[in-house]
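In what follows, a single structure is set out as structure tokens and then discussed.
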Amino acid sequence: VSEKILKKEHKNLFEKYWIFAGLTHEINENKSWIKKKIGHREILLVHEDGNYFALENVCPHKNMQLCKKGKGKGTFVCDYHAWSFNCDGSIKTIPFHDRSYKFNAKQHNYSHMTKFQVEIVGAFIFVKIKKSNISIQKQFDQTIIKSLRLMSKMLQNKYGTFFEVRDFNWKLNFENLRYEGFGPQKVA
């Protein structure tokens, strides 16, 4: 429960590597989205026409939170100045653009939501915050990727979620719940 170690994990794990963010089942309807958290960032996982996007839940204009609900459907509109964004994070409309902002093409390109890399492995959605040369195939062994694809076929479209707030290091709990049969086998 060290704040110092957690900061290192945010910097060296959550931002550099592919992180499991959700399941395609959670956003199976067209233009549906769900809010998730990766490290310190709120991410919107979005599905549109068979494409998946991971967007930071922040309006680039005034850094306001775009979506307050946990999930929804449709495009995104900022409560502050009503800028709206498409499902891929590109700018849709800026009210009074011609009168108030008059952005040139370069400025207009910087007006989109922050987008992160997304990889779909079966039904599993992985997100990488920072750009790096680490591909999903380089981070995960082919056996793991194959297992995820196989597990995806066994997942049901119906799911449930629950949240618990506990004061402990989740990694320790995970280690305690591991089944010995899943790791490398000991040779006598």
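The values are calculated or read from the model by the stated rules, or taken from the named source; none is laboratory data. Because the structure is predicted, anything quoted here is derived from the model rather than measured. Cβ sites come from the backbone with ideal geometry, for glycine too, and all protein chains shown count toward neighbours. Areas reflect the complete protein model, heavy atoms only, side chains present, ligands, DNA and RNA absent. Shrake-Rupley method; radii C 1.70, N 1.55, O 1.52, S 1.80 Å.
Filter segment 88-120 for residues that are open to solvent by less than 50 Å² (accessible area, probe 1.4 Å) and not in a loop (DSSP other than H, G, I, E, B); which is nearest to ARG41 (Cα to Cα)?
Looking only at segment 88-120, we keep the residues that are open to solvent by less than 50 Å² (accessible area, probe 1.4 Å), and these are 88-91, 94-95, 97, 111, 113, 116, 118.
Still in the list and also not in a loop (DSSP other than H, G, I, E, B): 91, 97, 116, 118.
Numbers: ILE91: 21, HIS97: 29, PHE116: 11, VAL118: 15 Å.
Within segment 88-120, the match that is nearest to ARG41 (Cα to Cα) is PHE116.
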### Summary
Residues in segment 16-55 that are farther than 25 Å from ILE91 by Cβ, in a loop (DSSP other than H, G, I, E, B) and in contact with a Lys or Arg (Cβ under 9 Å, 6 or more places away or on another chain) total 4
### Query
Applying the selection to segment 34-71, what residues are surrounded by 13 or more Cβ atoms within 10 Å (Cβ to Cβ), more than 14 Å from MET113 (Cβ to Cβ), at pLDDT 95 or above and not charged (D, E, K, R)?
ILE34, HIS47, TYR52
### Query
Within segment 73-87, can you find the residues that are surrounded by 15 or more Cβ atoms within 10 Å (Cβ to Cβ) and out of contact with any Cys (no Cβ under 7 Å at 6 or more places or on another chain)?
VAL77, HIS81, SER84, PHE85, ASN86, CYS87
### Summary
Output for Cβ contacts, cut-off 8 Å, separation at least six or different chains, first residue within 17 Å of ASN86 (Cα to Cα) in segment 58-75, second charged (D, E, K, R) and not in a strand (DSSP E or B), reads MET64/ASP79; LYS71/GLU26; LYS73/GLU29; LYS73/LYS31; GLY74/LYS31; THR75/LYS31
### Summary
Residue pairs within 7 Å by beta carbon, gap of at least six or interchain, first lying in segment 1-21 and open to solvent by 60 Å² or more (accessible area, probe 1.4 Å), second part of a loop (DSSP other than H, G, I, E, B), listed first then second, are VAL1/ASN169; LYS16/LYS130; LYS16/SER132; TYR17/ILE134
#### Entry: Residue match in segment 149-161 (condition: on the phi < 0 side of the Ramachandran plot, of a type in the set (Gly, Ala, Ser), at pLDDT below 85 and open to solvent by less than 100 Å² (accessible area, probe 1.4 Å))
yes
### Task
Assess whether LEU13 counts as being assigned to a helix (DSSP H, G or I), under 25 Å from LYS131 (Cβ atoms) and hydrophobic (A, V, I, L, M, F, W, C).
yes
